[in-house]
1. Are any residues in the stretch 115-125 surrounded by fewer than 18 Cβ atoms within 10 Å (Cβ to Cβ) and under 20 Å from the mean Cα position of the chain (by Cα), and if so, which ones?
2. Of the residues TYR72, TYR47, which single one is out of contact with any Cys (no Cβ under 8 Å at 6 or more places or on another chain), of a type in the set (Ser, Thr, Tyr) and more than 18 Å from THR162 (Cβ to Cβ)?
3. From the set of residues in the stretch 32-58 that are among the acidic types (Asp, Glu) and assigned to a strand (DSSP E or B), which is most open to solvent (accessible area, probe 1.4 Å)?
4. Restricting attention to the stretch 39-59, which residues are of a type in the set (S, T, N, Q) and without any contact (Cβ under 8 Å) to a residue 60 or more places away in the chain?
5. Within the stretch 59-73, work out how many residues are assigned to a strand (DSSP E or B) and open to solvent by 10 Å² or more (accessible area, probe 1.4 Å).
6. Does any residue in the stretch 60-87 that is more than 15 Å from ALA128 (Cβ to Cβ) and modelled with pLDDT under 95 come within less than 7 Å, Cβ to Cβ, of a residue that is open to solvent by less than 50 Å² (accessible area, probe 1.4 Å) and of a type in the set (S, T, N, Q) six or more places away or on a different chain, and which pairs are these?
7. Is it the case that the stretch 117-132 has a residue that's β-branched (Val, Ile, Thr) and closer than 21 Å to TYR72 by Cα?
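The values are calculated or read from the model by the stated rules, or taken from the named source; none is laboratory data. All values derive from a computational prediction rather than experimental measurement. Quick reminder, even Gly has a Cβ in these numbers, built from the backbone with ideal geometry, and neighbours come from all protein chains shown. We work out accessible area using only protein heavy atoms, side chains counted, and drop any ligands, DNA or RNA first. Shrake-Rupley method; radii C 1.70, N 1.55, O 1.52, S 1.80 Å.
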Amino acid sequence: YYLRGSVAVNAMWATDVTYTDLCNCLTVVSPITMAGFGYSVGAGFGYETGDGLRTDLTVDYLANDGMSDGTYALSLRSTIAMANAYYDFNFGDFGSAAGGWGAYLGAGLGVAYNQTHVTGPGAGPDGANYAPAAALMAGVTYDLGNIVTDVGYRLLYTPQITNGSAAMLPAATPYYINNVVTHELRGTVRYRFN
């Protein structure tokens, strides 16, 4: 069993944003023109099987600001809970349980709670939504015995972020950010219980 902690920097992109115009009479689909940037911190609990397979449950807090379609800009705060599975590769005689350098590939599924604030002319109210989330991970590890460090990449996909139920208020402006992809460069430390 192990505990883990991670910190990351991120860049966020999406295909487009959908919203109604200022008179609430026309639906606009506008492509994203500027990425957002931010950070995340997270923790988790996991288990290594001893034959290369590893699983964990993680919770991350993610912040990102600045993604824009040229008219509206998003400030996002998300809490992301994921179930993840990985396969650890040995470099020569060195492996995840034996010490030295290694690498891993992984994937995860979970849910994100997204809190949104949009700035721009006539922007809708702040809101929140739950959305499914999926991730792909890859990285390089160094095994020190009870402690394993890694530097890795995570691609996080969320199908849609919206201001959710806040958009149902009278005269509110709903907005939907579609096919959101977050690229993260992460540093992680795992502590094994022997």
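1. Correct list: GLN115, HIS117.
2. Result: TYR47 is the single residue among TYR72, TYR47 that is out of contact with any Cys (no Cβ under 8 Å at 6 or more places or on another chain), of a type in the set (Ser, Thr, Tyr) and more than 18 Å from THR162 (Cβ to Cβ).
3. Looking at the filtered set, the residue picked out is GLU48.
4. If the condition is that a residue be of a type in the set (S, T, N, Q) and without any contact (Cβ under 8 Å) to a residue 60 or more places away in the chain, then THR49, THR55, THR58 are the ones that fit.
5. Residues that pass the stated criteria total 6.
6. Matching pairs, first to second residue: ASP69/SER30; THR71/SER30.
7. yes
Residue-wise test of (1) in contact with a Leu (Cβ under 6 Å, 6 or more places away or on another chain); (2) under 17 Å from SER40 (Cβ atoms).
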position	(1), (2)
ALA103	no, no
ALA112	no, yes
GLN115	no, yes
GLY122	yes, no
ASN129	no, no
LEU136	yes, yes
